[in-house]
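The values are calculated or read from the model by the stated rules, or taken from the named source; none is laboratory data. Every value quoted in this text rests on a predicted model; they were computed, and no experiment measured them. Cβ placement follows ideal geometry from the backbone for every residue including glycine, while neighbour counts extend to all protein chains displayed. What goes into the accessible areas is simple: the full protein's heavy atoms, side chains included, and nothing from ligands, DNA or RNA. Shrake-Rupley method; radii C 1.70, N 1.55, O 1.52, S 1.80 Å.
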Amino acid sequence: MEAERARANGWRLAVWIGLAGEAAFVAAAIPFSDFTTDGNVLWFVPLMMTAGAAFLAVAWLLRESALQLSQFWIIALALRLVAMPMAPGDDVWRLLWEGRIQADGWNPYLHAPASEELRSLRDQRWEWINHPETVAIYPPAAELVFAGLSRISPTVCFFKVIFIFADLATVALLLRLPGVTTGTAVWYAWNPAVVYAFAGGGHYDSLMLC
């Protein structure tokens with residue numbers, strides 16, 4: 001009995017150490033998340049890969065386990081909050097721009113960010129838009145979402161919150177699939193690549209996944 005208890009305690013300790021390591025390396029990558037700064041990628045990638053290694057160890061330890069639902073969700077949310085201060089991917093600036101010009105009555109499929117007609121709408125964030133000479137490439141439904149979000153709050157933080165919400169909704173849907181337990185759902189919910197993509201990088205793909 002004592003041996004089994006010691007083994008269980010050791011297993012739990014290993015899981016918590018792995019989770020702490022994942023969160024710590026994700027946090028350590030925050031200062032290097034702006035890829036427009038030379039040399040940042042050389043730090044960001046190894047740090048996130050190390051976070052990934054810690055995550056894989058945890059996922060392997062939990063492969064046949066059923067976690068308490070509250071613990072599962074707290075950790076999933078905590079990891080996303082850790083990553084949220086990361087610099088967003090440069091796509092975000094286009095999402096904000098295209099949402100904003102739609103709110104002003106312009107069509108992003110007809111007017112590229114560099115269009116002279118939109119000169120009066122340019123601000124500091126306009127300078128960060130990638131391929132400003134190219135019109136919108138995102139699907140119509142996504143563009144309508146950007147427009148709706150921009151009418152509420154045209155900020156990176158608000159867009160990230162919505163993308164995180166959609167990401168967590170995907171997790172909730174996964175848990176409703178037959179045979180999926182909290183122990184198997186961690187492969188998505190606690191994955192640092194997923195956490196970075198939506199909470200850190202601010203990519204809108206979580207809406208499509210959901």
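Here are the numbers for this structure:
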{"read-out": "q = 0.14 Å⁻¹, region 85-195: log10 I(q)/I(0) [Debye, one scatterer per Cα]", "value": "-0.64"}
{"read-out": "Residue among Gly52, Gly183, Gly105 with the largest mean-square fluctuation in a Gaussian network model of the chain, springs linking Cα atoms under 10 Å", "value": "Gly105"}
{"read-out": "Mean Cα-pair separation over length for the chain, i.e. relative contact order, pairs under 8 Å, 6 or more apart, %", "value": "27 percent"}
{"read-out": "For region 40-97, accessible area per residue (1.4 Å probe, heavy atoms of protein chains only), Å²", "value": "50 Å²"}
{"read-out": "Long-range HN-HN contacts of Asp34 with modeled amide H, under 5 Å", "value": "Ala87"}
{"read-out": "Hz values of 3J(HN,Hα) by residue in region 113-128 - Karplus curve (6.51, -1.76, 1.60), Gly and Pro given as x", "value": "x, 7, 4, 5, 4, 9, 4, 5, 8, 5, 9, 4, 5, 4, 5, 9"}
{"read-out": "For Gly202, residues with placed amide H under 5 Å, excluding near neighbours", "value": "Gly89"}
{"read-out": "Listed residues Val58, Val180, Val145, most fluctuating in the chain (Gaussian network, C-alpha, under 10 Å)", "value": "Val180"}
{"read-out": "Solvent-free Debye scattering, log10 I(q)/I(0), computed from the Cα coordinates of region 94-148 at q = 0.20 Å⁻¹", "value": "-0.61"}
{"read-out": "Backbone HN-Hα couplings from phi across region 184-200 [Karplus 6.51/-1.76/1.60, Hz, Gly and Pro as x]", "value": "8, 5, 5, 4, 9, 5, 10, 6, x, 5, 5, 4, 5, 4, 9, 6, x"}
{"read-out": "Sorted largest first, extent of region 14-94 alpha carbons per principal axis (Å)", "value": "42, 24, 16"}
{"read-out": "In Å, descending, principal axis extents of the Cα set of region 49-88", "value": "36, 24, 10"}
{"read-out": "Debye intensity ratio I(q)/I(0), log10, region 80-122, q values 0.16, 0.19, 0.25 Å⁻¹ (C-alpha model)", "value": "-0.49, -0.61, -0.84"}
{"read-out": "Equivalent-ellipsoid semi-axes of region 41-149, from the Cα gyration tensor, Å, largest first", "value": "39, 17, 12"}
{"read-out": "Test item: Cα-centred dipole of the chain, Lys/Arg +1 and Asp/Glu -1 on Cβ, debye", "value": "700 debye"}
{"read-out": "From the C-alpha gyration tensor of the chain, square roots of 5λ in Å", "value": "39, 19, 11"}
{"read-out": "Angle in degrees between helix 2-29 and the longest Cα principal axis of the chain, rounded to the nearest 10", "value": "20 degrees"}
{"read-out": "Among Thr170, Met48, Pro154 the positive-end extreme of the charge dipole of the chain (Cβ point charges)", "value": "Thr170"}
{"read-out": "Within the chain, longest stretch clear of exposed chymotrypsin sites (Phe, Trp or Tyr not before Pro) (DSSP loop, no more than 16 other Cβ within 10 Å)", "value": "110-210"}
{"read-out": "Within a Gaussian network of the chain (alpha carbon springs, distance under 10 Å), most fluctuating of Thr184, Thr36, Thr170", "value": "Thr36"}
{"read-out": "Mean shadow area of region 141-210, taken as a quarter of the surface of its Cα convex hull (nm²)", "value": "4.8 nm²"}
{"read-out": "Of Trp128, Trp190, Ala114, farthest towards positive along the dipole that unit charges on Lys, Arg, Asp, Glu beta carbons give the chain", "value": "Trp190"}
